[in-house]
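To keep things clear, I will list the structure first and then write my remarks on it.
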Amino acid sequence: MRVLLVGSGGREHALAMALAHSPNLSALYIAPGNPGTAQYGTNISHIKADNVAGLIEFAKQNQIDLVIPGPEAPLVAGLTDACQKIGIACAGPTQAAAQLEGSKKFTKSVCDAAHIPTAQWQAFTDSKAAIDYLHQQSLPIVIKADGLAAGKGVIIATTMQEAEETIKTMLDGSAFGNAGKLLVIEEFLTGEEVSLFAFCDGENAVLIGAAQDHKRIGDGDTGPNTGGMGAISPPPFFDRNAQEKALDITVRPMLREMAKRGTPFRGIIFAGLMLTDKGPYLIEYNVRFGDPEAEVLLPRLKSDLLTIFKNLCQGKLSQSKIEFSDQAGVCVIMAAQGYPGKPKTGGLISRIKEAEKLTDLKVFHAGTKINADNQLCAAGGRVLCISAFASTLEEAQKKAYQGVAAIQWKDGIWRKDIGNRALRKKVN
């Protein structure tokens with residue numbers, strides 16, 4: 001099969017690596033790709049991930065059999081619909097179904113209709129009405145931009161002043177552009193937050209696994225939210241039996257509701273869950289692999305990912321053998337100084353090969369490029385993802401940080417505590 005993989009981050013590097021293992025793969029193109037994905041296929045660097053027209057034209061000209069979207073933006077922009085019009089399979093949801101990620105209000109309406117446990121909520125476009133509602137609620141309170149905001153559109157306000165300012169900057173200002181012109185206010189849930197993943201073919205959901213992301217920039221979960229500073233998989237307090245039960249509560253009812261609406265969901269579903277005292281509650285859906293969660297899930301896949309995606313598109317997931325290793329995985333993000341604000345780019349990176357000499361360790365490229373002197377350098381906020389695997393979480397964590405220490409990059413910053421929370425929870 002001739003495959004076009006869409007995206008340029010660590011998630012796409014992990015997807016490219018997994019796809020390259022398939023005996024059914026005859027050609028792999030990555031648009032736009034990065035220096036890491038170039039190990040496994042041909043980068044099409046002039047076509048950006050959100051350029052749907054450009055992606056479709058390339059797919060037609062290069063006899064692509066299957067398009068695999070990495071990020072959410074092209075899905076929300078209608079990539080799958082455009083592929084369907086020209087008869088090319090796309091392993092992702094339609095634009096209508098992608099509203100599960102594209103609109104927080106839409107997701108909440110699906111949850112209510114399908115009786116999926118979720119936080120109490122209200123949506124607003126008017127700041128005065130939102131603030132009036134706010135004063136009837138207790139703190140802390142969660143305020144979300146309705147649309148896509150690169151993982152940064154969620155504010156947990158601990159004071160009324162902070163909450164009011166957030167509402168005003170979203171609805172009356174331009175904090176998140178059009179994504180913030182409608183916002184959702186919801187109650188704050190307490191518990192352990194986990195990410196649950198499944199392959200979906202419109203009717204069936206097959207468990208991939210679970211991970212726990214580390215969103216905040218600083219150790220001890222301090223500082224502003226980011227796209228993710230590291231992840232562990234599987235969470236030791238959330239075994240596969242519990243994961244299957246959570247699918248029954250938060251994913252399979254969604255599939256039935258989406259089918260009922262005439263917009264069946266096919267693709268990867270990422271259910272962000274809060275494990276409360278009352279059971280799992282749905283925080284949000286994403287319609288693709290998480291990043292960096294993909295970098296601790298996909299390397300553990302023992303089955304043929306390309307065949308899985310093919311069967312997913314054809315509504316035949318039940319025919320796929322889907323098996324993962326029982327290893328524990330820990331990934332640590334090396335970000336650039338200044339992230340999540342303006343990152344310092346251009347710094348030279350070396351000794352990745354030395355890091356990868358460690359057994360069961362892989363360095364995924366998230367924001368790198370080759371400069372004019374043919375040297376690897378930083379080109380984004382989150383730059384590298386160091387993923388390590390071992391029989392225990394403790395061993396995987398130790399190995400991941402050995403990998404970080406082996407890499408030479410003077411502008412790199414990273415959290416020193418990825419996995420600590422899960423390890424403490426395991427002890428408790």
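Just so it is clear, none of the values below were taken in a lab; they were calculated from the coordinates. Please read these numbers as outputs of a predicted model, since none were measured by experiment. Positions of Cβ are backbone-derived with ideal geometry, glycine not excepted, and every protein chain shown enters the neighbour counts.
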(message) From Cα pairs below 8 angstrom and at least 6 apart in sequence, can you work out the relative contact order of region 28-80, rounded to a whole percent?
(response) 28 percent
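Given 0.36 nm per residue, what is the gain on full extension from V206 to N420 after removing their alpha carbon distance, in nm?
Going from the current span to full extension adds 74.1 nm.
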(request) Quick one: net charge around A390, please, counting Lys, Arg +1 and Asp, Glu -1 for every other residue with C-beta under 14 Å from its C-beta. (result) 0
(request) Sort region 328-427 into rounded, prolate or oblate with this rule: let a ≥ b ≥ c be the square roots of the eigenvalues of the Cα gyration tensor; rounded if a/c is under 1.5, and if a/c is not under 1.5, prolate when a/b is larger than b/c, oblate otherwise. (result) oblate
(request) Per residue of region 65-74, in order, report the coupling 6.51 cos²θ - 1.76 cosθ + 1.60 (Karplus, θ = phi - 60°) as ³J(HN,Hα) in whole Hz, putting x for Gly and Pro. (result) 8, 8, 9, 10, x, x, x, 7, 4, x
(request) Search the structure for amide H atoms under 5 Å from the amide H of T392, placed 1.01 Å from N in the peptide plane, and list their residues when 5 or more places away or on another chain. (result) A328
(message) 5 Å is the cut-off here: which amide hydrogens, built 1.01 Å from N in the peptide plane, fall below it relative to L5, excluding neighbours closer than 5 in sequence?
(response) Y29, I30, A31, I68
(request) Counting other beta carbons within 10 Å of each Cβ, put C111, C331, C90, C200 in order, fewest first. (result) C111, C200, C90, C331
(message) Just to confirm my understanding: which cysteines in the chain have no other cysteine beta carbon less than 4.7 Å from their beta carbon?
(response) C111, C200, C313, C331, C377, C385
(message) If I take every Cα pair under 8 Å that is 6 or more residues apart in region 350-390, average their sequence separation and divide by the length, what percent do I get for the relative contact order?
(response) 41 percent
(request) Could you work out, for region 12-155, what percent of all Cα-Cα pairs fall into each 5 Å distance bin, beginning at 0 Å and stopping at the bin that holds the largest distance? (result) 2, 8, 15, 16, 16, 11, 9, 9, 7, 4, 2, 1
(request) Enter the Cα centre distance for the pair region 308-345 and region 218-277, rounded to the nearest angstrom. (result) 13 Å
(request) Using just the helices of the chain, give the 222 nm mean residue ellipticity in deg cm²/dmol: DSSP H runs with n ≥ 4 each add -39,500 (n - 2.57), and the total is spread over all residues, rounded to 500. (result) -8000 deg cm²/dmol
(request) For K416, list the lysines whose Cα falls under 16 Å from its own Cα; do not include residues on the same chain fewer than 8 positions away. (result) K215, K398, K399
(request) May I ask you to derive the relative contact order of the chain, considering only C-alpha pairs under 8 Å and at least 6 residues apart, and to give it as an integer percent? (result) 16 percent
(request) Could you let me know the centre-to-centre spacing of region 363-394 and region 82-155, using Cα atoms, in angstrom? (result) 31 Å
(request) Please report I68, I352 as a ranked list, fewest other C-beta atoms within 10 angstrom at the top and most at the bottom. (result) I352, I68
(request) Please state, as a whole number in µm²/s, the translational diffusion coefficient that the Stokes-Einstein equation yields for region 285-324 at 10 °C and 1.306 mPa s, with Rh defined as the Kirkwood radius across alpha carbon pairs. (result) 143 µm²/s
(message) As an exercise, identify the trypsin sites (Lys or Arg not before Pro) in region 368-428 lying in DSSP coil whose Cβ has no more than 16 other Cβ atoms within 10 Å.
(response) K410, K416
(request) Quick one: order M160, M254, M274 by neighbouring beta-carbon count within 10 Å, fewest to most. (result) M160, M274, M254
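Could you sort out which of K60/K357; K357/K410; K104/K342; K260/K310; K302/K357 sit more than 31 Å apart by Cα distance in this structure? Don't skip to the answer; put the middle values down first.
Numbers: K60/K357 40 Å; K357/K410 21 Å; K104/K342 27 Å; K260/K310 24 Å; K302/K357 21 Å.
Beyond 31 Å between Cα atoms: K60/K357.
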(request) Taking every Cα atom in region 2-94, find the radius of gyration and the maximum pairwise distance Dmax, and write them in Å. (result) 11.6, 32
(request) Would you pull out the residues with amide H under 5 Å of K215's amide H, same chain only if 5 or more places away, H placed 1.01 Å from N? (result) M229
